[in-house]
1. Inspect all residues belonging to the range 325-341 and state whether any of them is in a helix (DSSP H, G or I) and open to solvent by less than 50 Å² (accessible area, probe 1.4 Å).
2. Just give me the residues in the range 257-297 being in contact (Cβ under 8 Å) with a residue 40 or more places away in the chain and of a type in the set (Val, Ile, Thr), in sequence order.
3. Of the residues in the range 157-198, how many are within 16 Å of ligand 3 (Cβ to nearest atom) and of a type in the set (Val, Ile, Thr)?
4. Examine the range 93-103 for a residue that is within 16 Å of ligand 3 (Cβ to nearest atom), in the same structural domain as Gly32 (by TED's automatic domain parsing) and not hydrophobic (A, V, I, L, M, F, W, C), and state whether such a residue exists.
5. What tally of residues in the range 282-317 results from selecting those that are under 20 Å from Thr402 (Cβ atoms) and assigned to a loop (DSSP other than H, G, I, E, B)?
6. Can you pull out every residue in the range 282-316 that is within 23 Å of the chain's Cα centre (by Cα) and within 19 Å of Gln271 (Cβ to Cβ)?
7. If you take the residues in the range 140-180 that are free of Cβ contacts under 8 Å to residues at least 40 places away in the same chain and under 17 Å from the mean Cα position of the chain (by Cα), which one is nearest to ligand 2 (Cβ to nearest atom)?
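The values are calculated or read from the model by the stated rules, or taken from the named source; none is laboratory data. Bear in mind the structure is a predicted one, so any value in this text is a computation, not a measurement. All Cβ positions, glycine included, derive from the backbone under ideal geometry; neighbour counts span all protein chains shown. In case anyone asks, the SASA skips ligands and DNA or RNA and just uses the protein heavy atoms, side chains included. Shrake-Rupley method; radii C 1.70, N 1.55, O 1.52, S 1.80 Å.
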Amino acid sequence: MKYFIETWGCQMNERDTETIAGLLEEMGYSPGKKDEADVIILNTCCVREKAEQKVYGEIGHLRHLKSKNPNLVIGICGCMAQQEEVAEKMRQRFPHIDLIFGTHNIHQLPRLLERARKFNEVQVEIWEREGEIIEHLPARRADKFKAYVSVTYGCNNFCTYCIVPYVRGRERSRLPEDILKEIKDLVEQGTVEVMLLGQNVNSYGKDLDKEIDFADLLQMVDEVKGLRRIRYMTSHPRDFTDKLIATIAASDHVCEHFHLPVQAGSNDVLQKMNRGYTREQYMELVEKIRRQVPGASITTDIIVGFPGETEEDFQDTLDLVKKVQFDAAFTFLYSPRKGTVAAKMPDQIPDEVKKERFQRLLELQNSISLASNKRLVGSTVEVLVEGKSKTNPHKLSGRTRTNKVVIFEGPEEIIGKFVPIKITEAKTWNLEGNVEHQGEGG
Ligand code: SAH
Ligand code: SF4
Ligand code: F3S
């Protein structure tokens with residue numbers, strides 16, 4: 001029996017997919033191609049409308065697989081499925097779906113799948129509320145040498161544009177001993193890089209009985225022997241404390257990469273977004289990081305066309321982007337999400353205006369990204385080789401500590417190893433280079 005999982009959205013969803021795969025493998029399924037699978041699971045995202053449209057398109061495509069193989073079980077889970085009205089709509093519109101479950105009851109998959117096989121009607125089970133954190137679920141990790149490790153689940157911030165708090169529940173922190181045990185086990189099996197995951201990792205520990213914050217946790221993880229790189233995702237700029245900067249600066253393994261979603265450069269818009277900081281505070285944070293962590297790269301997320309955004313507000317965003325000089329930015333067109341505060345705000349921005357602003361922002365950021373990459377030409381950087389390059393399968397690709405993608409030639413045996421790469425060329429989205437010599441570094 002084969003399974004196939006398709007995943008949309010963020011790292012939390014990718015991590016959930018690893019759990020789903022682990023559960024399926026415990027049930028005796030093995031990974032397979034889509035057209036030969038006995039179970040297909042779509043792990044969905046609803047953060048923007050575009051993400052949802054892709055999922056609907058894919059569900060439609062699966063109809064023909066189901067008619068070829070009536071025993072195929074099609075399951076929908078993730079953030080779209082967590083919304084009951086969306087689940088109901090999918091159930092009605094796509095009778096070939098067998099199973100719908102949400103983000104809070106992934107661990108029930110074995111039981112739900114058995115039921116879907118047994119009874120000839122769609123099984124829908126969505127927990128309205130998050131339950132206790134469930135530890136020790138199986139996982140089939142996507143990679144051996146790097147791994148996602150969840151530290152918090154859910155989000156309490158309620159940024160007014162964002163659906164995530166509604167589909168991922170309230171903030172819950174895992175116990176530090178559970179996190180450390182997981183990391184130590186991973187390292188024993190060959191993991192050299194971990195990415196600590198949470199919608200806002202900086203609020204780690206606030207809900208625990210112990211006195212512990214994210215800086216303390218990072219320090220503990222930094223001491224795990226054999227671990228070479230520590231990343232984390234995502235940091236809310238409002239909660240980025242001086243203690244956290246100092247901890248990162250003093251650590252051996254926490255990478256010099258700061259992903260700090262700014263979202264907008266206008267104080268007016270930031271306030272309407274409920275972000276809890278001003279542009280001045282944000283820029284001061286960037287200054288502090290650059291002072292204390294030399295060579296740090298700083299990346300961000302920006303939303304264009306939030307309700308009420310004027311040309312002047314947008315100019316503030318462009319101005320902030322010019323001043324901060326981000327190494328890279330993920331830019332998004334604002335997408336109204338049903339149930340969020342911003343979706344009901346007046347002065348929604350017309351699509352043409354959003355798109356035109358988006359284009360200007362993209363051009364500006366592309367030139368800044370390129371300039372930032374060009375500064376590395378001629379230098380030698382430590383790269384963790386991740387696999388074949390997606391853009392050029394004859395080459396390999398890996399990342400610097402600062403999270404820049406480097407493409408180079410080399411034998412497949414070095415996948416999962418650290419190699420020094422001399423940078424020869426800079427592009428907007430990546431760097432190119434050559435292996436300098438085969439160090440013992442893996
Ligand atoms: N917890 C993370 C990630 C949230 S989703 C954080 O706080 O940064 C990732 C990004 O999607 C956000 O940073 C934001 O830039 C974007 N995003 C979220 N909701 C959006 C919406 N309704 N429209 C457009 N972009 C959105
Ligand atoms: Fe969404 Fe804001 Fe929470 Fe990030 S911090 S997940 S943008 S509500
Ligand atoms: Fe999407 Fe859910 Fe992540 S909405 S961005 S998959 S938390």
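1. From the range 325-341, those in a helix (DSSP H, G or I) are none; that's our starting set.
Within the range 325-341 (the criterion being in a helix (DSSP H, G or I) and open to solvent by less than 50 Å² (accessible area, probe 1.4 Å)), the answer is no, since none of the residues qualifies.
2. Val262, Val269, Ile289, Val293, listed by residue number.
3. Keep residues of the range 157-198 that are within 16 Å of ligand 3 (Cβ to nearest atom), which gives 157-172, 195-198.
Applying the additional criterion that residues be of a type in the set (Val, Ile, Thr) yields 160, 163-164, 167.
Counting residues in the range 157-198 that are within 16 Å of ligand 3 (Cβ to nearest atom) and of a type in the set (Val, Ile, Thr) gives 4.
4. Here is the first cut: in the range 93-103, the residues within 16 Å of ligand 3 (Cβ to nearest atom) are 100-103.
Then drop every residue that is not in the same structural domain as Gly32 (by TED's automatic domain parsing), which leaves 100-103.
Cutting the leftovers down to not hydrophobic (A, V, I, L, M, F, W, C) gives us 102-103.
Yes; the residues of the range 93-103 include at least one that is within 16 Å of ligand 3 (Cβ to nearest atom), in the same structural domain as Gly32 (by TED's automatic domain parsing) and not hydrophobic (A, V, I, L, M, F, W, C).
5. So the count comes out to 4.
6. Taking the range 282-316 as the starting set, the residues that turn out to be within 23 Å of the chain's Cα centre (by Cα) are 282, 285-286, 289, 296-306.
Those that are within 23 Å of the chain's Cα centre (by Cα) and within 19 Å of Gln271 (Cβ to Cβ): Tyr282, Leu285, Thr300, Asp301, Ile302, Ile303, Val304, Gly305, Phe306.
7. Pro165
Results for (1) under 30 Å from Arg168 (Cα atoms); (2) modelled with pLDDT of 95 or more; (3) within 16 Å of ligand 2 (Cβ to nearest atom), shown as yes or no for each residue.
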residue: Glu309; (1), (2), (3): yes, yes, no
residue: Asp313; (1), (2), (3): no, yes, no
residue: Ala328; (1), (2), (3): yes, yes, no
residue: Gly339; (1), (2), (3): yes, yes, yes
residue: Pro350; (1), (2), (3): yes, yes, no
residue: Lys355; (1), (2), (3): yes, yes, no
residue: Phe358; (1), (2), (3): yes, yes, no
residue: Val377; (1), (2), (3): no, yes, no
